[in-house]
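Okay, so here's the structure we're looking at.
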Amino acid sequence: MRTSFAHGIRTALALASVLLHAVRVAEGQTVGGRVVAKTDGAPVPGAIVALLDSAGHGVITRLAEDAGTFSFVVPAPGRYAVRVERVGFRSTTSPWFLVRQGETITIPMAIASESLTLRAIVVNADRRCLVRPREGAATAELWNEARKALSATQLTQIAQAAAKARRDPHRFVVRWRSTTRDLDPTSLAVLHNEQFENEGETVKPFASADPEQLARDGYMTGDIDTGSTYFAPDADILLSDQFLDSHCFRLQWPDSGRRDDLIGLAFEPANLTTQRRPGRVDVRGVLWLDRASAELRYMQYQYVNLAVEEMSRYAGGLLEFRPLPDGRWIVWRWYIRMPALVRRRGMLNSQLTDWHTEVAKIREDGAEVLSVMPAGTRRPARATLRGTVIDSLSGAAMAGVRVFLSGTSFAAVTQMDGSYVIDSVPAGRYTASIVASRLDTLLLEPPVRALTVSAGENKRVDLALPSLRTLSSRVCRQPMPDSLSMILGVVRDSTTAASDVQVRAEWTEYSKASTDRLRAQQTWNETTTTKGGRYSLCGLPAGRTITVRAVRGRASVASPQRPVAPGEVRRVDLMLRNP
């Protein structure tokens, strides 16, 4: 009983402590202020404002609002300072101040308009690769400016997500064009290209993996059999402790013939040779900054330690950064290139060689921002598909056909004139197809059309059954003129499809034997059924009475047919019978 009572007292005290802590947190302590320019007192929106603890570490970091205002809920009473940064400008840190329990403090911040320049930095022969370069080093100065742009990009993404959740009127809409291309692995010539436009409030180019996972497992997973997934180093990754502890930085001068108004900060895995363990792919690249404004322009990167050496030539990507007028930063353009591997066997002196792995193509996924607009100016984000379904064999429109986008619920049924309309389709890539009884009648696969749809687009997608020439080229291995015809069908034995059955179309041809006499000659065209019992008899004459006959061993069947019309495709199913 005593034990139970004591346990209850301890539980009550613990609950009271939690409630008291909750009350204190609810009361809270707040640090706020406004960032203005020293010269004219104008607000500085988009500045990076950080709350520093007594050890100088950033506790909370966010972007200043449109009016330059900022506000932090301080986690606990103590000694703090506020640091303000902006890309291309000197940083400013407030004096240390004490925050007491439940206190609200206002810290005005005025930053100098003195801009930074990187023109004085010289790239000399000593370009050692340094992990977390110290203050005073040229690499540290470049990293500090690159870090500001990366932080602003990261904070813009966070602010956008928060603004969307609370329907903030200051959020913005981005319109972008996504592109997927297949490139030749030698020349980078475009083999296949798809693109579509979209709108949304996201400015994150791609979802990368957790920094700890990348540090442990590398930037590529999978293999040639299961497929490979590549991860790109975005702002979150580059700013992470895991990346900064495992990669070093050095100065990089542009290659000959390239822009000399840029200066590069190259990064690569620290101890590159010792870290190349089999199967672990890493990244190296260059952050390119503008010498005059110290703004980060773009980042190029490549993959290190790929399984096939030729993959390293083009495997990598690019991110281009741009500031918005209010000080926020976004990734304006990006792409990632991923080699597609195949296993092949070569020929040497008419003999097959061993299997080898090679790069079949380079897959490039990317996008480019077309415009940034206030949230209220969004255009329709949904598209409309419309078109007509035609039976090319007869030239007639097909009514009552279901047109659908594979893997979705978007569908429509064609009208009497063969037309259809599918509304409210989100931007993206789709495959359009149809369901029609005519396809089953003619044993045809449905037509398939790959398409890309942009936001607000009114797109026309016509679908058709193949013409006689197309169908005969596919089935009979050669095109057939419209003056001839085709008979196809399925041969069954009892209730199962019968393969390897000889099927023959027989008819009589007449020719002049003399001036007053015609000569009759039996003519035929034959084929053999496939595994599913299907057959196709091509190049049959129009206007003739034809008998279709199937024979397998002692089982047979004959089916006389009325004359076929020019260009007609007729289905005739047969059932074998034993004598």
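State yes or no: is Arg345 at pLDDT 90 or above, open to solvent by 30 Å² or more (accessible area, probe 1.4 Å) and assigned to a strand (DSSP E or B)?
no
Considering only the range 540-563, I want to know if a residue exists there that is closer than 20 Å to Leu468 by Cα, at pLDDT below 90 and in contact with a Phe, Trp or Tyr (Cβ under 8 Å, 6 or more places away or on another chain).
yes
Please enumerate the residues belonging to the range 483-503 that are of a type outside the set (A, V, I, L, M), open to solvent by less than 50 Å² (accessible area, probe 1.4 Å) and out of contact with any Phe, Trp or Tyr (no Cβ under 9 Å at 6 or more places or on another chain).
Passing the criteria: Ser485, Ser499.
Condition (residue is within 30 Å of Arg313 (Cα to Cα), assigned to a strand (DSSP E or B) and out of contact with any helix residue (DSSP H, G or I) (no Cβ under 9 Å at 6 or more places or on another chain)) applied to the range 371-380: is it met by at least one residue?
The answer is no; no qualifying residue exists.
So Ala146 passes all but one of these: (1) modelled with pLDDT of 90 or more; (2) of a type in the set (Gly, Ala, Ser); (3) exposed (fewer than 12 other Cβ atoms within 10 Å of the Cβ). Which condition number does it fail?
Ala146 satisfies all of (1) modelled with pLDDT of 90 or more; (2) of a type in the set (Gly, Ala, Ser); (3) exposed (fewer than 12 other Cβ atoms within 10 Å of the Cβ) except (3).
Do we find that Val84 is in contact with an Asp or Glu (Cβ under 9 Å, 6 or more places away or on another chain) and open to solvent by less than 70 Å² (accessible area, probe 1.4 Å) in this structure?
No.
For the subset of the range 44-67 comprising residues that are surrounded by 19 or more Cβ atoms within 10 Å (Cβ to Cβ) and within 17 Å of Thr30 (Cα to Cα), which member is modelled with the lowest pLDDT?
Step by step, filter the range 44-67, then rank; the result is Glu65.
Do we have any residue at all in the range 172-194 that's in contact with a Lys or Arg (Cβ under 6 Å, 6 or more places away or on another chain), open to solvent by less than 20 Å² (accessible area, probe 1.4 Å) and modelled with pLDDT under 85?
yes
Taking the range 434-465 as the region of interest, how many residues are in a loop (DSSP other than H, G, I, E, B) and over 32 Å from the mean Cα position of the chain (by Cα)?
4
If I ask for residues that are part of a helix (DSSP H, G or I) and either among the acidic types (Asp, Glu) or at pLDDT below 90 (or both), which ones from the range 239-259 would you list?
Passing the criteria: Asp241, Asp245.
Pairs under 8 Å by beta carbon, first residue free of Cβ contacts under 8 Å to residues at least 24 places away in the same chain in the range 559-573, partner in a strand (DSSP E or B) and open to solvent by 50 Å² or more (accessible area, probe 1.4 Å), six or more apart or different chains?
From the range 559-573, the pairs are Ser559/Arg549.
Could you please give the count of residues in the range 479-493 that are touching a residue at least 40 places away in the same chain (Cβ under 8 Å) and in a loop (DSSP other than H, G, I, E, B)?
4
Within the range 401-446, count every residue that is touching a helix residue (DSSP H, G or I) at 6+ places or on another chain (Cβ under 9 Å) and free of Cβ contacts under 8 Å to residues at least 24 places away in the same chain.
The qualifying residues number 2.
Quick check on this structure: which one of Ser71, Ser94 is over 17 Å from Glu141 (Cα atoms), in contact with a Gly (Cβ under 9 Å, 6 or more places away or on another chain), open to solvent by 20 Å² or more (accessible area, probe 1.4 Å) and small (Gly, Ala, Ser)?
Ser71
For the range 431-457, name all the residues that are among the polar types (S, T, N, Q), within 25 Å of Arg181 (Cβ to Cβ) and open to solvent by 70 Å² or more (accessible area, probe 1.4 Å).
none
Considering only residues of the range 220-246 that are within 24 Å of Val342 (Cβ to Cβ) and of a type in the set (A, V, I, L, M, F, W, C), which is least open to solvent (accessible area, probe 1.4 Å)?
Here the answer is Ala232.
Looking at the range 522-554, which of its residues are open to solvent by 50 Å² or more (accessible area, probe 1.4 Å) and either in contact (Cβ under 8 Å) with a residue 60 or more places away in the chain or part of a strand (DSSP E or B) (or both)?
The answer is Gln522, Trp524, Glu526, Thr528, Arg534, Arg549, Val551, Arg552.
The values are calculated or read from the model by the stated rules, or taken from the named source; none is laboratory data. Note that the structure is predicted; figures quoted are calculated from it, not measured. Cβ coordinates were reconstructed from backbone atoms using ideal geometry, including for glycine residues, and neighbour counts include every protein chain displayed. SASA here: full protein model, heavy atoms, side chains in, ligands and nucleic acids out. Shrake-Rupley method; radii C 1.70, N 1.55, O 1.52, S 1.80 Å.
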